[in-house]
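> My questions will all concern the structure given below.
The values are calculated or read from the model by the stated rules, or taken from the named source; none is laboratory data. Just so it is clear, the model here is predicted, and its values are computed rather than measured. Every residue, glycine as well, gets a Cβ built from its backbone with ideal geometry; the counts of neighbours run over all protein chains shown. Note: areas computed on protein heavy atoms with side chains; ligands, DNA, RNA excluded. Shrake-Rupley method; radii C 1.70, N 1.55, O 1.52, S 1.80 Å.
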Amino acid sequence: MKHIAWKLMFWLNYIFLILYMSWQGKEGQTGIETAIPLLISTLMSIDITYISSCNIRENKVISLFCGLLALDSWYVLLSFEEGMIDNFIFIALSPITWYVSIRFIFLFLFQGSGYKFRKAANGILFLTCMGSLVGIGISGRVFASLYGIQLLVSGFCFLFIILYHRKRLIFVLKSEWKCIVFSVVVITAAFLVYYLVTIDVQNHTSNFGIYLPVLLLFMSIHGIIRKEHSSYPLSTVFSRKQAVLIMGLSLSVFGLIILLTGSGYEHFFIGVNTWFAFIYICNIILEISLKRGESKIIKESKYHAALEQLRQEELLKTEFANFLHDDVLQDLLSVKNMMTKAHRPHIQDIIMETLDNLNTRIRQQMQDYHPVILKNLTAKENYQNLIEAISQSFPQKIVKVTFHCSDTLFLVEPYNLLIYRLLKELLTNIFKHSEGNRARIMLAQENGMIELCVSDDGTANADCLRAADKAKHKGLVSVTEQVSNMEGSILISDNMPHGVTIQIKIPMKGDGSYQYFVS
């Protein structure tokens, strides 16, 4: 329910925004200085409603983008105000928005995965932000100094992380260059219109740079959201055409009411925001109902997808049931039968050995069903943990494994999971079947191409491995199929002076990775 709590917070923020607009209207403030902030803040709030409603997979980075939009909506709304309280809140928002902006860019670039110096960078960003906020309570001069320090230190930290992980940045730019270029074109055109309309307003372009993180990645975030077809909860009730028709009619009604009553434009913005706040809370309530299984409304187009998912789940359940029956249940029955003789030392040894083997097999099966890739660790650290776990699962065999991998290696989803499974299968085969005592693993990613090379010094050769019975080497067959499905290549060759080398190359495509970014 943490995801729902975030949505409720965004909705409450929307309510407070509407109340502030209403209070501002009662103060009798009119003119372009009020109209432009109201318009921009309204558009940002509506976008929060749309993005947050589509984020049904509970992605933290998408939620952070909504939070950044919420901060920016308040920032732009308060930027033209001169009241003491308004000015205080506006000043406090500056360091917070800067902090959240850099955190959002990092999370977007690394898609929520671990990277080198992440903890240090997050700590520096947080401490400098807190320092600026403390400075507000001391004096304006102290705040200006601490805020300047925050900008310099966090800017240096940002540049260091970007340069250190420049390959990651290049990959993201190659993957998202169309969206980023489109964002730049739209931003430039919108800024020119904004500049011309507000040219007579004092300080109309001050602090404009604080919005750049949102504006530059605006199209990329919406591109990710668009990949979730009909993903907002109300899509289970209304089709896209019906939703557009309802929105259009509602806005038209609001406009007519404003014209007939002679009200100002600020009442129109308040009415529009109230309408979208109502839609947002309906989405939240419907999402809760859908997750609890209370809704009986299912679109016909979703039935076939649900049926296919059911079939896949049944296959998985069958496989898991076979594992429980053939591996777990048999060992448990064996231990149960030996319990009557458990007082004998050699029977105790047999029981302990059986339970140890059972523990190992269960852990291996768990890794097969759901590989443990920790987000707070780098890719290299996750794969090192995998290698150590496999080595410990074969205590009777000593194989010295050397692993060559860059500290800055990054593999986005689903490629990180694929390489994890391939590495696990190939290294396990070495421990099970190779008669050698050394293994060498090389993993790299260059120019969007993943290369995994696994070799040993056993007695097998490439010709025998390629001509082996596929029924007896299901693991290698599975590896070949998975690589082929990802448009990759696999090469089996002899390792000098003896042994086998398996070299795998898989293209890592950015557009494919961002489909899994929202999962």
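> Among 8-15, 212-219, 442-449, how do they line up by average Cβ neighbours within 10 Å per residue, starting with the highest? Each step should come with its number before you reach the end.
Details: 8-15: 17.1, 212-219: 18.9, 442-449: 14.9.
Put in order of decreasing packing, that is 212-219, 8-15, 442-449.
> Let me know the shape class of region 104-224, please: from the alpha-carbon gyration tensor, a ≥ b ≥ c as square roots of the eigenvalues, rounded when a/c is under 1.5, otherwise prolate if a/b is greater than b/c, or oblate.
Values: a/c = 2.72, a/b = 1.03, b/c = 2.64.
It is oblate, given that a/c is not under 1.5 and a/b is not larger than b/c.
> Just to check I understand the Karplus step: with θ = phi - 60° and J = 6.51 cos²θ - 1.76 cosθ + 1.60, what whole-Hz values come out for region 95-100, glycine and proline as x?
x, 5, 5, 4, 5, 5
> Here's a follow-up. Please sort 46-58, 135-147, 85-97, 340-352 by packing, taking for each peptide the average over its residues of neighbouring beta carbons within 10 angstrom, highest first. Don't skip to the answer; put the middle values down first.
Numbers: 46-58: 20.5, 135-147: 14.8, 85-97: 16.8, 340-352: 11.2.
The packing order, highest mean first, is 46-58, 85-97, 135-147, 340-352.
> Given axes a ≥ b ≥ c from the Cα gyration tensor, I'd like to know whether region 77-144 is rounded (a/c under 1.5), prolate (a/b larger than b/c) or oblate.
Working: a/c = 4.90, a/b = 1.89, b/c = 2.59.
The shape class here is oblate.
> Still on this model: Carbon and sulfur atoms: what percent of the 1.4 Å accessible area of region 374-485 do they account for?
Here it works out to 50 percent.
> Check LEU377: other-chain or 5+ apart residues with amide H under 5 Å from its amide H, H built from backbone geometry?
Hits under the 5 Å cutoff: GLY114.
> Could you pull out every residue, at least 5 positions away or on a different chain, whose amide H is within less than 5 Å of the one on PHE238? Hs are placed 1.01 Å off N in the peptide plane, and Pro or chain starts have none.
none
> Report ³J(HN,Hα) in whole Hz for each residue of region 133-150, in order, from the Karplus equation J = 6.51 cos²θ - 1.76 cosθ + 1.60 where θ = phi - 60°; Gly and Pro get x.
5, 5, x, 4, x, 8, 6, x, 5, 5, 4, 4, 5, 5, 5, x, 5, 4
> Here is a follow-up. Whole-Hz Karplus ³J(HN,Hα) for region 400-417, in order, using 6.51 cos²θ - 1.76 cosθ + 1.60 and θ = phi - 60°, x for Gly and Pro?
Each residue of region 400-417 in turn: 7, 9, 10, 10, 10, 7, 6, 5, 9, 4, 9, 9, 7, 5, x, 5, 5, 5 Hz.
> So who's got an amide H within less than 5 Å of the one on ARG438, skipping anything under 5 residues away but keeping other chains? H placed 1.01 Å off N, in plane.
The list, which skips near neighbours in sequence, is LYS400, ASP457.
> Ranked from highest to lowest mean number of other Cβ atoms within 10 Å per residue, what is the order of the peptides 64-75, 422-433? All intermediate terms of the calculation are to be shown ahead of the outcome.
On the way: 64-75: 22.3, 422-433: 18.9.
Top of the packing list down: 64-75, 422-433.
> Apply the a/c threshold of 1.5 to the C-alpha gyration tensor of region 393-474 and tell me whether it is rounded, prolate or oblate.
Numbers: a/c = 1.96, a/b = 1.52, b/c = 1.29.
Verdict is prolate for region 393-474.
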